[in-house]
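Here the structure is laid out as structure tokens; the discussion comes afterwards.
The values are calculated or read from the model by the stated rules, or taken from the named source; none is laboratory data. If you're wondering where the values come from, they're calculated on a predicted model, not measured in any experiment. Counting neighbours? That spans all protein chains shown, and the Cβs are built from the backbone with ideal geometry, glycine included.
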């Protein structure tokens with residue numbers, strides 16, 4: 001796993017994803033998150049010799065996944081987008097070293113891009129937060145030309161693991177801010193109903209991750 005601290009990767013606020021996930025000193029967290037990052041990179045490797053010239057990340061937060069994309073696709077043009085104004089400057093600073101990355105604000109349900117604009121659209125740990133996830137996925141389908149890489153929490157495993165570590169008992173293990181939940185089967189149905197064909201499925205505990213191709 002790429003260490004965020006070694007990369008001088010900043011958190012937008014205490015307790016943000018960068019601190020909780022990528023800068024954690026907890027050995028179990030490091031193992032789980034490291035497996036997530038390794039799986040993400042395996043999905044990129046699955047594309048093999050496919051020509052990926054332009055990439056969009058939807059819901060980029062502080063930009064850790066955008067950094068992985070920039071390192072993998074140094075010749076591609078990458079847009080790192082998120083609706084949050086709070087994280088914009090942090091993401092911009094974190095990604096300043098990558099000249100092929102443009103940082104911008106954008107609503108995942110109303111993406112300001114033309115149809116078929118991107119060879120790859122990435123949406124990782126975002127759809128569970130959006131009130132209209134079907135609208136966001138339709139937008140991802142619209143602006144994408146080839147592939148989408150999508151990940152969400154694997155339910156009910158996510159809830160159960162939260163409760164096992166003593167977190168969010170009053171919410172039965174649901175992480176604050178998560179308003180949508182899918183089992184792997186349910187997420188597959190959701191994605192295929194919106195005109196994607198799933199090319200590969202991997203379940204790095206406790207997530208569901210799909211590489212999907214636009215129909």
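What the table below lists for this structure:
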quantity	calculated
Those residues of the range 89-99 which are farther than 24 Å from residue 45 by Cα and assigned to a loop (DSSP other than H, G, I, E, B), in sequence order	96
Search result, residues across the range 20-57 that are modelled with pLDDT of 90 or more and in contact with a helix residue (DSSP H, G or I) (Cβ under 6 Å, 6 or more places away or on another chain)	44, 55, 57
Given (1) at pLDDT 95 or above; (2) surrounded by fewer than 20 Cβ atoms within 10 Å (Cβ to Cβ); (3) within 24 Å of residue 68 (Cβ to Cβ), index of the condition residue 147 fails	(2)
Condition broken by residue 164, with the remaining ones in (1) surrounded by fewer than 20 Cβ atoms within 10 Å (Cβ to Cβ); (2) modelled with pLDDT of 95 or more satisfied	(2)
Meets criteria (surrounded by 15 or more Cβ atoms within 10 Å (Cβ to Cβ), under 23 Å from residue 175 (Cβ atoms) and at pLDDT 90 or above) for residue 83	yes
Filtered residues of the range 199-213 (kept if touching a helix residue (DSSP H, G or I) at 6+ places or on another chain (Cβ under 9 Å), surrounded by fewer than 17 Cβ atoms within 10 Å (Cβ to Cβ) and under 22 Å from residue 116 (Cα atoms))	199, 200
Strands (runs of 3 or more DSSP E) wholly inside the range 100-215 that include at least 1 residues being free of Cβ contacts under 8 Å to residues at least 24 places away in the same chain	196-202
Residue 141, sole failed condition from (1) exposed (fewer than 14 other Cβ atoms within 10 Å of the Cβ); (2) within 24 Å of residue 39 (Cβ to Cβ)	(1)
Selection count, the range 66-88, where residues are in a loop (DSSP other than H, G, I, E, B), out of contact with any helix residue (DSSP H, G or I) (no Cβ under 9 Å at 6 or more places or on another chain) and more than 22 Å from residue 177 (Cα to Cα)	2
